[in-house]
Every structure is written in C-alpha cells, then in structure tokens.
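A.B. asks: One structure follows; several queries about it will come next.
Only the coordinates and a few stated rules stand behind these numbers; no lab work does. Remember, it's a predicted structure, so these values are computed and weren't measured experimentally. Glycine also receives a Cβ, built like all others from the backbone with ideal geometry; neighbour counts cover every protein chain displayed.
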C-alpha cells in the first residue's frame, strides 16, 4: 500500500471531530487511539467494540485510554502505545502481543525434551 489506511483500518465513530471519510484529527483535545488488529485478536471485547464503533476512540486523556485498554485485557495483555511520530492521524495505538505465552512455553518444553545428552554418543 502507499501508506494510506484502508476504509476498514481507518474506522469511524460518533466523535464530532471525525469526518465522514473516517479520518480523524489527532490534534483535537484528548487522546485518540486506533485499535490495532493485534488487540482485536487478543481481546474479544476489543473486537466487539470495533465491530460496533469503528477502530478509533477518543478519550479525555492518555491515562483514561490506558485504563480502558487494561479493562479489555483477557488472557493476553492489551495496552496503549504512543503512535509513531510521523503518524499524525492518531495519538496512540491499542495493541497486544503477537505471541501466545502458552504456545511459547510448549515449544520450549518440546525443545528441552528433544535434546539428548552429549554423553550418549
């Protein structure tokens, strides 16, 4: 892509400072976040919220956004990360880890049991 967000990624909400085309002004008062795919996959609540409201949400402050993200956390942690300095469309992103700790632990256990002693050779 050419760096532009698709209509789905841009999302929409009822915020007064968003235009009909799904773009938002991150310079408006408050803290505007974009709920990323990782958060939607990690949290059923985040996915449902995006389905009902779009991918963007404006909060009065960054601490309020962080509190909302904490409430979305289930089996995997969801948090607010500041947006890239060149991304002036939002103030932050709601994200989650891409890896699953349980799967990672299972891989480590499999690798440990697959190793053989050097004395056996």
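A.B. asks: Assuming R0 = 22 Å, what is the FRET efficiency of residue 52 and residue 97, from their Cβ-Cβ distance, to the nearest 0.05?
C.D. replies: 0.35
A.B. asks: Modelling each spin label as a point 7 Å along the Cα-to-Cβ direction, I'd like the residue 61/residue 87 distance in nm, to one decimal.
C.D. replies: Placing both labels 7 Å beyond Cα along the Cβ direction yields 2.4 nm.
A.B. asks: What distance in nm separates the two pseudo spin-label positions at residue 28 and residue 45, each 7 Å out from Cα along the beta-carbon direction?
C.D. replies: Result: 2.4 nm between the two label points.
A.B. asks: Under the 0.36 nm per residue contour assumption, what length would be gained going from the current alpha-carbon distance of residue 71 and residue 37 to full extension?
C.D. replies: 10.5 nm
A.B. asks: Counting other beta carbons within 10 Å of each Cβ, put 43, 73 in order, fewest first.
C.D. replies: Fewest-to-most Cβ neighbours within 10 Å comes out as 73, 43.
A.B. asks: Let me ask something else about it. So what's the Cα pair-distance distribution over the stretch 49-94, bin width 10 Å, in %?
C.D. replies: 26, 55, 19, 0
A.B. asks: Give me the percent of Cα-Cα pairs in the stretch 30-108 that sit more than 21 Å apart, rounded to a whole number.
C.D. replies: 26
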